[in-house]
Amino acid sequence: MVGYQKNDSMTANQKLIAGCISGVVTRFITQPLDVVKIRTQLQSKDSFDKNPATSKWFSTTRKIFAEEGVTAFWHGHNLGQIHSIIAVSTQFYVYELSTKFVTNSTLDERLKPPLLFGCGAFAGCCSATLVIPLEVVRVRQMIVKEQYRGFLNGALNVYKTGGILAFYEGLSASLLQMGPAVGISFSVFRVVQQGILHYLSDCTEENCHLAPGNAHRPEYLLLASTTAGSIAGFVSKSMTYPFDLAKRRLQIATHHYDKKFKTPSTSKDLIKCKRLGQCLVETLKTEGFWGLYRGWKVTIYKAQLTSIVAYTTYELICYAIRELDAS
């Protein structure tokens, strides 16, 4: 189960390892959707096909494939792996430690549910702060790979155009998005997963011969984690999406085109922002309310897939570690 459990046989370091593995698997599977999502979020509405029957994300996917080939869907993947390992492991690790503190505290039980949500928000903010410099370089690699090829070269180009502060472009939006998003995600996941497991099984360590901390059969854990992860991804991303959109537009504020490098059509005429408030207001003025949800559909697909893979992989790895330790 995600979060601290008093009878858990796993150590904090083992859970950190489980989080790292979960991050690697999640990034590899979701990277193509991330590329399409970011390109869609950053394009102006005039950049898309005029055919209303063609969805924006499908149009962008088709153009990327036609102009750059299938490997373009993994642009920024190496850096993305580092980003994912740090982000996912940090979220799970900080959440485990903070929920342990809340669970073992002598506070009124009525205060613990909102505090557990706060644990998730705190984990999200820690993760966002740690990975924002990597995220800025990675986003630009996904826009123009050649211009920002490699981490060191990409970081150097970011520094040249905006100095050290360029690595923290979009931090305000990232904190406002990631904090609540992770808090909502963990809270929804816990409630839905526990509800499903309670309905499916009354398995105990005695009658199922499971290791301490493994209170449910693996097939039930897989079903509950997959379902809960999908719902958690949908709810958390939908509720915080405008900040995610603004974050991406802020992260390319100092990006400048270089004529030495070929720029794909899906990476031209991008919308840039310098301040969070101005970004949200301008989007409302020029694109209307639904402009705040540009790229929402592919982002939801990606968010659901990310949550399913991250939570399910983490839970199953923790299950396996407990069983191996007990054998």
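The values are calculated or read from the model by the stated rules, or taken from the named source; none is laboratory data. Small disclaimer: the values here were computed from a predicted structure and weren't measured. Here Cβ is always computed from backbone atoms with ideal geometry, including for glycine, and neighbour counts include all displayed protein chains.
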Of all residues in region 235-260, how many are at pLDDT below 90 and of a type in the set (A, V, I, L, M, F, W, C)? 5
Exactly one condition in (1) part of a helix (DSSP H, G or I); (2) within 30 Å of residue 67 (Cα to Cα); (3) touching a helix residue (DSSP H, G or I) at 6+ places or on another chain (Cβ under 6 Å); (4) of a type outside the set (S, T, N, Q) is not met by residue 148; state its number. (1)
Residues 228, 224, 232: which one is in contact with a His (Cβ under 8 Å, 6 or more places away or on another chain), at pLDDT 90 or above, of a type in the set (Gly, Ala, Ser) and surrounded by 22 or more Cβ atoms within 10 Å (Cβ to Cβ)? 224
Criterion first (without any contact (Cβ under 8 Å) to a residue 60 or more places away in the chain, touching a Cys at 6+ places or on another chain (Cβ under 6 Å) and surrounded by 17 or more Cβ atoms within 10 Å (Cβ to Cβ)) does residue 279 satisfy it? no
Of these, 121, 128, which one is within 18 Å of residue 4 (Cβ to Cβ) and surrounded by 15 or more Cβ atoms within 10 Å (Cβ to Cβ)? 121
Would you confirm whether or not region 142-150 contains a residue that is crowded, with 21+ Cβ neighbours inside 10 Å, within 25 Å of residue 303 (Cβ to Cβ) and at pLDDT 85 or above? no
Residue 263 hydroxyl-bearing (Ser, Thr, Tyr), touching a Phe, Trp or Tyr at 6+ places or on another chain (Cβ under 8 Å), under 17 Å from residue 60 (Cα atoms) and at pLDDT below 80: yes
Criterion first (of a type in the set (Val, Ile, Thr), surrounded by fewer than 18 Cβ atoms within 10 Å (Cβ to Cβ) and within 18 Å of residue 32 (Cα to Cα)) does residue 82 satisfy it? yes
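Looking at region 1-42, which of its residues are among the hydroxyl-bearing types (Ser, Thr, Tyr), surrounded by 19 or more Cβ atoms within 10 Å (Cβ to Cβ) and outside any helix (DSSP H, G or I)? Walk me through it before giving the result.
The first filter runs over region 1-42 and keeps only residues among the hydroxyl-bearing types (Ser, Thr, Tyr), leaving 4, 9, 11, 22, 26, 30, 40.
Filter once more, so that each one left must be surrounded by 19 or more Cβ atoms within 10 Å (Cβ to Cβ): 4, 22, 26, 30, 40.
Within region 1-42, 4 is the sole residue that qualifies.
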